[in-house]
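Worksheet for the structure shown next.
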Amino acid sequence: MGIKWLRCGHPVYIVSTWWRSRAACIMLYHLLLQTVKTQQSAGVTPGQPHLLQYDLDDGKDREKVVNDLSQAARGGSLYVIADEVNGFIFNIFFDKLLTQVPHLHLWVTCCYHIFAPASLQVECLTRPLRSPPAVVRELAQNRLITKDHRVLPYSERGVPDHTDGPPVRRLYHRGEGHSGHMPFDCVTCGRDVASFLHSLRVGVTENVTTAVTTVTSTTGATTPPCLQWRDVLVLYYNEITDDSGMVKGLKEAGIPVRVMKDDDFEDVATARSDVVWATRGHRVSGLERKVVVYPEKDFAPIDRLNSMSRCTSQLVIVHK
């Protein structure tokens with residue numbers, strides 16, 4: 001929808017309403033910028049995307065976002081996309097904005113269907129397009145789906161599956177050398193994860209010269225290694241530090257892991273740096289990576305769902 005609005009010449013406002021939506025909105029903004037560049041190179045003058053970041057948990061920002069968008073509309077139409085919204089707070093913002101901008105074009109996404117404002121048309125998208133069946137089966141067992149019904153269950157994909165996907169890899173925080181209460185506190189668990197990542201040949205670039213040369217000669221493209229470090233996320237429930245046992249174990253084993261800080265959102269969202277990012281699952285809502293490592297924690301269904309659902313291929317669970 002953002003691309004459609006841009007092609008019609010409308011400015012499009014990507015609105016991040018809280019910290020959990022920041023990465024997804026930054027990624028969306030950069031995707032729309034690519035569309036603008038493509039249109040301009042073809043001699044077309046599209047609209048421009050604008051990224052606005054707020055924290056609607058803060059009462060001051062609730063007033064500011066309404067004022068900013070009302071000014072952007074200037075009595076006319078307004079085109080807004082809000083990704084990964086906080087449902088309760090968003091409803092307050094939406095009601096205020098609608099009173100000041102009657103010609104509002106708004107698309108909103110949230111995985112919790114119960115949060116949708118009553119005045120919005122709701123479409124529930126339940127076909128599993130991101131993750132392969134092996135990962136979907138793991139996700140489908142989450143109590144937010146099976147018992148709490150806060151998230152709708154998956155429906156049939158509707159097309160044949162080319163593959164079941166790699167089996168979920170299960171590692172265990174048990175036995176000799178393991179320490180700490182949780183897997184993420186354990187250096188040995190970090191080494192075990194590193195060993196598995198090395199077995200996937202992540203970051204290996206030798207012996208691809210011929211393939212690169214062949215592809216470049218015919219299409220002008222280049223062939224990256226099958227897996228890069230930027231294809232991997234390590235996601236946990238709590239905030240992560242460089243002193244965490246798993247981070248230490250990964251580094252000792254030669255994994256280029258970086259702990260995500262507040263000023264890293266754009267780097268992570270655009271996958272600019274070729275590193276393994278370690279962070280809370282909530283910080284990367286809306287992003288996708290081929291390999292996701294989830295160190296298990298006691299009774300954390302929300303985090304399990306948010307973290308594991310980022311995976312498009314190989315899911316690694318480190319069980320307590």
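The values are calculated or read from the model by the stated rules, or taken from the named source; none is laboratory data. Small disclaimer: the values here were computed from a predicted structure and weren't measured. Don't worry about glycine lacking a Cβ; one is built from the backbone with ideal geometry, like all the others, and counts go over all protein chains shown. With ligands, DNA and RNA removed, areas are computed over all heavy atoms of the protein, side chains included. Shrake-Rupley method; radii C 1.70, N 1.55, O 1.52, S 1.80 Å.
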Of the residues in region 93-103, those that are part of a loop (DSSP other than H, G, I, E, B) and either in contact with an Asp or Glu (Cβ under 8 Å, 6 or more places away or on another chain) or open to solvent by 70 Å² or more (accessible area, probe 1.4 Å) (or both) come to P102, H103
Any hit, region 197-209, residues being under 22 Å from P301 (Cα atoms) and loosely packed, with under 14 Cβ neighbours inside 10 Å: no
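Condition test on V80, is it closer than 28 Å to R289 by Cα, modelled with pLDDT of 85 or more, outside any loop (DSSP other than H, G, I, E, B) and over 19 Å from the mean Cα position of the chain (by Cα)?
Details: closer than 28 Å to R289 by Cα: yes; modelled with pLDDT of 85 or more: yes; outside any loop (DSSP other than H, G, I, E, B): yes; over 19 Å from the mean Cα position of the chain (by Cα): yes.
Yes.
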Counting just the residues of region 294-308 that are under 11 Å from the mean Cα position of the chain (by Cα) and closer than 12 Å to L233 by Cα, which one comes out surrounded by the fewest Cβ atoms within 10 Å (Cβ to Cβ)? M308
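Give V318, V268, V291 a once-over and let me know the one that is farther than 25 Å from L28 by Cα, modelled with pLDDT of 95 or more and surrounded by 18 or more Cβ atoms within 10 Å (Cβ to Cβ). Let's see the steps before the verdict.
On the way: V268 fails: farther than 25 Å from L28 by Cα; V291 fails: farther than 25 Å from L28 by Cα.
Of the residues listed, the single one that is farther than 25 Å from L28 by Cα, modelled with pLDDT of 95 or more and surrounded by 18 or more Cβ atoms within 10 Å (Cβ to Cβ) is V318.
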Quick one: how many residues across region 104-129 are outside any helix (DSSP H, G or I), of a type outside the set (S, T, Y), touching a residue at least 24 places away in the same chain (Cβ under 8 Å) and over 14 Å from Y13 (Cα atoms)? 9
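So which residues in region 1-31 are in a helix (DSSP H, G or I), under 18 Å from S285 (Cα atoms) and not hydroxyl-bearing (S, T, Y)?
Step one: list which residues in region 1-31 are in a helix (DSSP H, G or I), which gives 2-7, 19-31.
Checking the rest, the ones that are also under 18 Å from S285 (Cα atoms) come to 19-31.
Matches in region 1-31: W19, R20, R22, A23, A24, C25, I26, M27, L28, H30, L31.
The rows are residues; the columns are (1) among the aliphatic types (A, V, I, L, M); (2) within 17 Å of A269 (Cβ to Cβ); (3) surrounded by fewer than 18 Cβ atoms within 10 Å (Cβ to Cβ); (4) in contact with a strand residue (DSSP E or B) (Cβ under 7 Å, 6 or more places away or on another chain).
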position: Q39; (1), (2), (3), (4): no, no, yes, no
position: V44; (1), (2), (3), (4): yes, no, yes, no
position: Q48; (1), (2), (3), (4): no, no, yes, no
position: D57; (1), (2), (3), (4): no, no, yes, no
position: R74; (1), (2), (3), (4): no, no, yes, no
position: L78; (1), (2), (3), (4): yes, no, no, yes
position: E84; (1), (2), (3), (4): no, yes, no, no
position: N91; (1), (2), (3), (4): no, no, yes, no
Would you check if A194 is within 27 Å of N91 (Cβ to Cβ), crowded, with 19+ Cβ neighbours inside 10 Å and either at pLDDT 90 or above or not polar (S, T, N, Q) (or both)? no
Failed condition for Y154, given (1) touching a Ser or Thr at 6+ places or on another chain (Cβ under 8 Å); (2) part of a loop (DSSP other than H, G, I, E, B); (3) surrounded by 15 or more Cβ atoms within 10 Å (Cβ to Cβ); (4) touching a residue at least 60 places away in the same chain (Cβ under 8 Å), with all others met? (4)
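Would you mention how many residues in region 228-244 are part of a loop (DSSP other than H, G, I, E, B) and either in contact with a Cys (Cβ under 8 Å, 6 or more places away or on another chain) or open to solvent by less than 30 Å² (accessible area, probe 1.4 Å) (or both)?
Let us first name the residues in region 228-244 that are part of a loop (DSSP other than H, G, I, E, B), namely 228, 237-244.
With either in contact with a Cys (Cβ under 8 Å, 6 or more places away or on another chain) or open to solvent by less than 30 Å² (accessible area, probe 1.4 Å) (or both) added as a condition, the list becomes 240, 244.
Final tally of qualifying residues: 2.
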For Q34, work out the one condition from (1) assigned to a helix (DSSP H, G or I); (2) touching a Gly at 6+ places or on another chain (Cβ under 7 Å) it doesn't fulfil. (2)
Residues being touching a His at 6+ places or on another chain (Cβ under 9 Å) and open to solvent by 80 Å² or more (accessible area, probe 1.4 Å) - total across region 157-180: 3
Pairs only if they're at least six apart or on different chains, beta carbon under 7 angstrom, first in region 249-274 and part of a helix (DSSP H, G or I), second of a type in the set (F, W, Y) and surrounded by 16 or more Cβ atoms within 10 Å (Cβ to Cβ); list them, first residue then second. V268/W277
Can you tell me how many residues within region 127-143 are at pLDDT 90 or above and either open to solvent by 40 Å² or more (accessible area, probe 1.4 Å) or more than 17 Å from the chain's Cα centre (by Cα) (or both)? 9
